[in-house]
Amino acid sequence: MDQIIMEIQQGLVDGDAEYVKDKTEAALGLEIGPEAIIKKALIPTMDKIGQEFREGEIYIPDVLMSSRAMHASLYVLKPLLTKAMSHHKGKVVIGTVAGDLHDIGKNMVTWSLQGEGYEVIDLGIDVPPASFVAAIRKCQPDILAMSALLTTTIGEMRNVIQEVTDEGLRDKVKIIVGGGPVTQDFADEVGANGYGKDIFGAIDVVNHILGRGSGYFGTSEV
């Protein structure tokens, strides 16, 4: 068991999605349960990668590759985990604001939130305020998450929050913001409920706002 777990861990570090997928399937073939794979291989490795990212030892491309590798493992495990998860931890609508076509960070947060047990509705890129409002009405999410990677587009976050307020929906949803030029001061200024400095910060703030614990997958859902 230790050997196959170590191989999955190394595959995550290397960012080799196909290798991680194959090793996850192999672990299941050895009758290692999905919960054990998550708790022994995925969680500690992604925590370590997150810490290295925060300390500047690795960079966004490295994290992206590791996140994709994690997603490959989850793709194999999710059908088996469904039986063990009686309900989602919460619902999140996410999108990159109008005028901004960047989606790498948003996608990383989406994948990670899904891995954490959240239902995520991804609106994509270049999303106007009206579309965010329509999604809140239709999906009734717990969290609205917005991303912006340009200094010229972060102002759209203010516009979205204003339109959500004007439509009488502000008390229906918690709003978090993130992206390269976004800061805690900016989040406070526009009236967001939370700010994610990076992918790991985004996961932490969603878990914190909804009282779902912290870290990848929490501890009570697997």
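The values are calculated or read from the model by the stated rules, or taken from the named source; none is laboratory data. Owing to the predicted nature of the structure, the values given are computational and were not obtained by experimental measurement. All Cβ positions, even for glycine, are placed from backbone atoms using ideal geometry, and neighbour counts span all protein chains on display.
A few comments on the model shown:
- Candidate set: region 184-211, residues that are outside any helix (DSSP H, G or I) and either closer than 20 Å to Ile136 by Cβ or not charged (D, E, K, R) (or both); chosen: the one modelled with the lowest pLDDT: Gly211
- Positions within region 86-129 being of a type in the set (Val, Ile, Thr) and in a loop (DSSP other than H, G, I, E, B), in sequence order: Ile125
- Just one residue in the set Val160, Val182, Val173, Val177 is in the same structural domain as Gly95 (by TED's automatic domain parsing), over 12 Å from Val97 (Cβ atoms) and of a type in the set (Val, Ile, Thr); that residue is Val173.
- Residue within region 81-101 that is within 24 Å of Met6 (Cβ to Cβ) and either assigned by TED's automatic domain parsing to the domain that holds Thr153 or surrounded by fewer than 22 Cβ atoms within 10 Å (Cβ to Cβ) (or both) present: yes
- Qualifying residue in region 148-163 (condition: closer than 24 Å to Arg68 by Cα, touching a His at 6+ places or on another chain (Cβ under 6 Å) and at pLDDT below 95): yes
- Helices (runs of 4 or more DSSP H) contained in region 16-65 and holding at least 2 residues buried (at least 19 other Cβ atoms within 10 Å of the Cβ) and β-branched (Val, Ile, Thr): 17-29, 43-54
- Just one of (1) in a loop (DSSP other than H, G, I, E, B); (2) buried (at least 17 other Cβ atoms within 10 Å of the Cβ); (3) outside the structural domain of Val160 (by TED's automatic domain parsing) fails for Leu77. It is (1).
- Among (1) over 17 Å from Val109 (Cβ atoms); (2) out of contact with any Asp or Glu (no Cβ under 6 Å at 6 or more places or on another chain), the one test that Val63 misses: (1)
- Output for region 130-183, where each listed residue is out of contact with any strand residue (DSSP E or B) (no Cβ under 6 Å at 6 or more places or on another chain), within 19 Å of Tyr195 (Cβ to Cβ) and in a loop (DSSP other than H, G, I, E, B): Leu149, Leu150, Thr151, Ile154, Gly180, Pro181, Val182, Thr183
- Pick from region 51-96, criterion out of contact with any helix residue (DSSP H, G or I) (no Cβ under 9 Å at 6 or more places or on another chain) and among the polar types (S, T, N, Q), ranking: modelled with the lowest pLDDT: Ser86
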